[in-house]
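Engineer: Have a look at this one.
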Amino acid sequence: VLASNGRQALAEWEGGSFDAILMDVQMPEMDGLAATRAIRERERSAGGHTPIIAMTAHAMKDDRDKCLQAGMDAYITKP
């Protein structure tokens, strides 16, 4: 399933069942960090945990830390 922005990613997650999410950090309307925080908030209420893997061109340690603090499970850089 493809989502062109963070709001659509959140809506797809709410309406489906996923083994994992590859979340682009930089998306229009709602970035991947905000979408991840929204998913984690809903999971706290409803239960469950979908692994979220950050995909970003930002490769600094601080960028990785921001992803993990937002609730992502892992972090990979893309070219």
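The values are calculated or read from the model by the stated rules, or taken from the named source; none is laboratory data. For clarity, every value in this text was computed on a predicted model and none was experimentally measured. Positions of Cβ are generated from backbone atoms using ideal geometry, with glycine treated the same way; all protein chains shown enter the neighbour counts. Protein only, heavy atoms only, side chains kept; ligands, DNA and RNA dropped before computing areas. Shrake-Rupley method; radii C 1.70, N 1.55, O 1.52, S 1.80 Å.
Engineer: Run the dipole for the chain about the Cα centre, Lys and Arg Cβ at +1, Asp and Glu Cβ at -1, nothing else charged, and hand back the magnitude in debye, nearest 20.
Structural biologist: Computed about the Cα centre, the dipole is about 140 debye.
Engineer: Give me the accessible area of residue 58, 1.4 Å probe, in Å² rounded to the nearest 10.
Structural biologist: Using a 1.4 Å probe on the heavy atoms, I get roughly 80 Å².
Engineer: For the chain, what is the largest minus smallest coordinate of the Cα atoms on each principal axis, given in angstrom and ordered from greatest to least?
Structural biologist: 33, 23, 21
Engineer: Moving on to the next point. Enter the angle in degrees (range 0 to 90, nearest 10) between the Cα long axis of helix 32-46 and the first principal axis of the Cα atoms of the chain, meaning the one along which they spread out most.
Structural biologist: Orientation of helix 32-46: about 30 degrees from the principal axis.
Engineer: Arrange the peptides 40-48, 7-15 so that the one whose residues have, on average, the most other Cβ atoms within 10 Å appears first.
Structural biologist: The most tightly packed comes first, giving 7-15, 40-48.
Engineer: Here is a follow-up. Which value in nm describes the separation of the simple spin-label points at residue 34 and residue 57, placed 7 Å from the Cα toward the beta carbon?
Structural biologist: The modelled label-to-label distance comes out at 2.1 nm.
Engineer: Return one whole number: the accessible area per residue of the chain in Å², for a 1.4 Å probe. Before the final figure, lay out the partial values.
Structural biologist: Working: 4930 Å² over 79 residues.
Using a 1.4 Å probe on heavy atoms only, each residue of the chain averages 62 Å².
Engineer: Pull out a ≥ b ≥ c, the square roots of the eigenvalues of the alpha-carbon gyration tensor of the range 10-50, then state rounded if a/c is under 1.5, prolate if not and a/b is larger than b/c, and oblate in the remaining case. Please report the intermediate quantities before stating the final value.
Structural biologist: On the way: a/c = 1.94, a/b = 1.52, b/c = 1.28.
The shape class here is prolate.
Engineer: Roll a 1.4 angstrom probe over the protein heavy atoms and tell me the percent of accessible area of the chain that is carbon or sulfur.
Structural biologist: Numbers: 2560 of 4930 Å².
Of all accessible area on the chain, carbon and sulfur atoms account for 52 percent.
Engineer: Can you give the accessible area of residue 27, probe radius 1.4 Å, in Å² rounded to 10?
Structural biologist: In the full protein context, residue 27 sits at about 30 Å².
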